[in-house]
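Have a look at the structure below, then the notes.
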Amino acid sequence: MHISHNRQSQIALPPVAIFGCGNTLLGDDGFGPEVIERLARLGLPPTIRLVDAGTAIRDYLFDYLLAPALRPMLLIVVDADPGHGAEIGLLRRCVPDALPAGKIHDFSLHQFPTVNLLRELAAQTGIEVVLFLVGIDPPAALCAPGLSPLVRAAVDQACAQIAELVAPFATSEATAL
């Protein structure tokens, strides 16, 4: 996705970008990619961009900060929440301002995009940023690949809520650069 000035005029950008964050090899941390995989099977229109960002969402977010022509109108981030006292398997929808600010360590097994970066993106660009977070138990997430039953149950719930949220964009045209 990184900026390519030579091809910008040929790219049609969807007004909605949905990023699934997480590492599928670390159990429940793979919640975001699982939601993206399930949404892809729903056959959403090309006005909705689905990205399994793994642990590399920061690259995309920096592109959005630096290149206005690349920005979607709505950015949805789906991830596991290893903190904030969330109940395991409990899905919550929030905005970056609802989360405590903090710097992520330079080395961490869970690379959630920094809340500060998401806040700045919303404030400086006008992009609507919505987070869908599911509570996980970090030590349990390190056990094995695959989601636990509680977190797996939240996948359908997340997909239903996201589909409802993006419905107004399902018939919109992608914006051409």
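The values are calculated or read from the model by the stated rules, or taken from the named source; none is laboratory data. Small disclaimer: the values here were computed from a predicted structure and weren't measured. Please note: Cβ atoms are built from the backbone with ideal geometry, for glycine as well, and neighbour counts cover all protein chains shown. Only protein heavy atoms, including side chains, enter the accessible area calculation; ligands, DNA and RNA are left aside. Shrake-Rupley method; radii C 1.70, N 1.55, O 1.52, S 1.80 Å.
For the reader, a short list of remarks on this structure follows.
- Condition check for E87: at pLDDT 95 or above, open to solvent by 20 Å² or more (accessible area, probe 1.4 Å) and not hydrophobic (A, V, I, L, M, F, W, C): no
- Restricted to segment 124-177, and to residues there that are modelled with pLDDT of 80 or more and charged (D, E, K, R), the residue that is surrounded by the most Cβ atoms within 10 Å (Cβ to Cβ) is D137.
- Unmet requirement for A67, which otherwise passes all of (1) surrounded by 18 or more Cβ atoms within 10 Å (Cβ to Cβ); (2) modelled with pLDDT under 90; (3) among the hydrophobic types (A, V, I, L, M, F, W, C): (1)
- Of all residues in segment 27-43, those that are in contact (Cβ under 8 Å) with a residue 40 or more places away in the chain have Cβ atoms under 6 Å from Cβ atoms of residues that are surrounded by fewer than 24 Cβ atoms within 10 Å (Cβ to Cβ) and among the acidic types (D, E), 6 or more apart or on another chain, in I36/D52.
- Residues that are among the basic types (K, R) and modelled with pLDDT of 85 or more were ranked within segment 90-123; the one that is nearest to D28 (Cα to Cα) is R92.
- In the set (1) modelled with pLDDT of 85 or more; (2) part of a helix (DSSP H, G or I); (3) not small (G, A, S), L50 fails one condition alone, (2).
- Residue-level analysis places F31 among those that are aromatic (F, W, Y) and either on the phi > 0 side of the Ramachandran plot or buried (at least 18 other Cβ atoms within 10 Å of the Cβ) (or both).
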